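**Student:** Questions regarding the structure given below will be posed in turn.
Quick note: the coordinates plus some simple rules give every number you see, no bench work behind them. Just so it is clear, the structure is predicted and the values come from calculations on it, not from any experiment. For neighbour counting, all protein chains shown are included, and Cβ atoms are generated from backbone atoms with ideal geometry for every residue, glycine included.
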Amino acid sequence: MEGRGIVHFGGVRCAITCPSDLDECEDLEYYEPGGFHPVHLGDVYDNRYRVVYKLFFGGFSTVWLARDTLVNRWVALKIVIATESSTYNTRSVIAGHPGVVLPTPPARHITESESSLAGSSDLFITVDRQFWIDGPNGRHLCLVYPALGPDLSRLSRGIYSRLKPDFARQLSLQAAQALVQLHSNGLCHGDFTASNILLRLTDEFDSYEEDDLLTLFRPPQTAPLQTYSGKPPRPHGPDYIVEALNFCSSSATVNVLSSKICVIDFDQSFTTTSPPQELPGIPAKYLAPEVAVGLSPSPASDVWALGCAIFRIRTGDDIFFDYDTNCPADALREIAKAMGPLSEEWKQTRFSEDGLPVTDPNDTTEAKAQPEEFEILVDSRPLANRVRDIIDEPAGLFINTQGEEEPEPEHKAYVHYSSFIKTDGPNKPYAASLRSMLWKPTAVCMAGNYFAAYCDLTDVLLKSFPRMAEPEASVLIDLLSKIFTYDPAARPKAKDLLTHPWFHI
């Protein structure tokens, strides 16, 4: 365990940010009664799971890589915040539906629909087992999953990380296949985002011992916590924060990531015959327009979300997102910028002050109908323009302003250089073992200049990068134009997308 800077922790609802020398961390304000369980490296849970690294975190849980000492394999422990734990399991019960995963080994007669899933059930992951943790912040549900790699939103993330084009198309096809399997069994995912699509780890990963991982990825990076009062953060907070494991470390000599995806997080799932009546919990930037105006989600809204995920996987950016896209009204505005005007009926949708659709005509909630919000689009960018603006990998790590490869310059400038001190800083290319899958725009030196984060010069520097080749751009525009159809009844079904030429370039 390597300690670095200090972060101050207030204990109850204080303004806290992640320390600057850690990439990201969970919301530290939630280390309080009802919130996160404080986890320390080396903790053992249920007398068998020893925590070695942090994997992920979200608004309702932290996820940890642990060694199952009973069967000598790696698992992921998802520890849910206390206030959500009592109802979390009931929301996840659909994950046991036979359309999601086959029993292994078969313990009963396999139905015809289950048989049709043979060979494709590895597209999904469900809970192996669960147990409870009683801690200083309450009682927490702990879900045990097989260990998985990073999600695709982390691997395809703007200027920081991009998937190679062939690999992006391969993963996108698998995502479409996963949706087909769900829909053919009468299920909708409800939250089909790039963040819920993960890479599986290689079969060899379980053979690594703890010391092997510490050598391969270096010890976990930590930052001590200090309270504003000067009191120890315990019992409600941990002694230190842990940075999430970087499976793509520049120092890694072995690639532990497979080329197979796995869809997770069925909390928002529902059967096609019983859609939820309330607004689903999917991020606004993935919200289908018909759901944004108050209609029920459906397989068609899953397909819309798939289109958003495909764009993110291939480009590193979210197609219907601006920095303030946080609610359905915001989502509709962004959709209209790319796909054109909404129907007259949808333009008359009333929205609350929070940007939520008001569908009950008797609702007395203060709401407003402002059609002009969806018509005055001064910064409209049609879908075709967005696709043709997608940057791709240049010929080498050193290029001139025309995008041509050039020798490594003797002197380099670092634009926005605050993160360059890190071992895995943004200017470090991915390890050779990963370069068939990934590349970093920030690892490219343009006319002697690097940049480590978005800044005023980002757009200028990115002009040196090549754009997506026209043959692929035209086919991708065709695919997305079909998916991003306003009328959900006219939107293609997931199964109809599998033969689209973009997936098979």
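**Student:** Contour minus end-to-end for T359 and S343, with contour as 0.36 nm per residue of separation and end-to-end as the Cα-Cα distance?
**Tutor:** 4.1 nm
**Student:** About the Cα centre of the stretch 151-192, how large is the charge dipole given +1 on each Lys and Arg Cβ and -1 on each Asp and Glu Cβ? Please answer in debye to the nearest 20.
**Tutor:** Its charge dipole is roughly 240 debye.
**Student:** Determine the distance separating the Cα centre of the stretch 458-505 from the Cα centre of the stretch 260-300; give it in Å without decimals.
**Tutor:** Rounded to whole Å, the Cα centres lie 22 Å apart.
**Student:** State the extension gain, in nm to one decimal, for the chain segment bounded by D487 and D317, taking 0.36 nm per residue of separation less the distance between their alpha-carbons.
**Tutor:** Length difference between fully extended and current span is 58.7 nm.
**Student:** If I stretch the segment between T227 and D459 completely, what's the gain in nm (0.36 nm per residue apart, minus their alpha carbon distance), one decimal?
**Tutor:** 79.5 nm
**Student:** Which distance in nm do the two modelled labels at L70 and R435 give, with both placed 7 Å along the Cα-to-Cβ direction?
**Tutor:** Label-label distance for L70 and R435, simple model: 4.5 nm.
**Student:** May I ask you to derive the FRET efficiency for R50 and S258 from their Cβ-Cβ distance with R0 = 22 Å, giving the value to the nearest 0.05?
**Tutor:** 0.35
**Student:** Distance in nm between label sites at S352 and D128, each 7 Å beyond Cα in the beta-carbon direction?
**Tutor:** Rounded to a tenth, the inter-label distance reads 4.1 nm.
**Student:** Next question, about the same structure. What net charge do the residues around R491 carry, taking every other residue with its C-beta under 11 Å from that of R491, with Lys and Arg at +1 and Asp and Glu at -1?
**Tutor:** Computed value for this residue: -2.
**Student:** Related question: What is the calculated FRET efficiency for H40 to T87, with r their C-beta to C-beta distance and R₀ = 35 Å, to the nearest 0.05?
**Tutor:** 0.80
**Student:** Apply 1/(1 + (r/R0)^6) to the Cβ-Cβ distance of K428 and T273, taking R0 = 51 Å, and write down the FRET efficiency to the nearest 0.05.
**Tutor:** Here the calculated transfer efficiency is 0.50.
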